């Protein structure tokens, strides 16, 4: 499955302008793609929609707001960071075995 350029642009914005890690940007990108897929199946049947950055920008902003709020929390911030690190480590292990 190819990723629409608008979706990549939203993830790139998260990395460059909001100074989040690539791992967080990947999570944001995934969440936006899930939101798009749910919209396609909202009637119970797949109706392909045209992915537009403007359409999912509000989803992006909500996700980024939640991530920033979580990162700033003295209790949950370190837990989020540890979880992201664990996911990244696991992804590297999987990738290592696939290559």
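Please go through segment 74-99 and pick out each residue that is surrounded by 12 or more Cβ atoms within 10 Å (Cβ to Cβ) and farther than 19 Å from residue 30 by Cβ.
The answer is 76, 77.
What number of residues within segment 77-99 satisfy the criterion of being closer than 18 Å to residue 63 by Cβ and without any contact (Cβ under 8 Å) to a residue 60 or more places away in the chain?
Qualifying residue count, segment 77-99: 5.
Among the listed residues 8, 19, identify the single one that is loosely packed, with under 11 Cβ neighbours inside 10 Å and either at pLDDT below 75 or closer than 18 Å to residue 85 by Cα (or both).
Values: 8 fails: loosely packed, with under 11 Cβ neighbours inside 10 Å.
Going through 8, 19 in turn, the sole match is 19.
Within the bounds of segment 32-51, is there any residue that is at pLDDT below 75 and surrounded by 13 or more Cβ atoms within 10 Å (Cβ to Cβ)?
Within segment 32-51, one or more residues are at pLDDT below 75 and surrounded by 13 or more Cβ atoms within 10 Å (Cβ to Cβ).
The values are calculated or read from the model by the stated rules, or taken from the named source; none is laboratory data. Source: prediction; values computed, not measured. All Cβ positions, glycine included, derive from the backbone under ideal geometry; neighbour counts span all protein chains shown.
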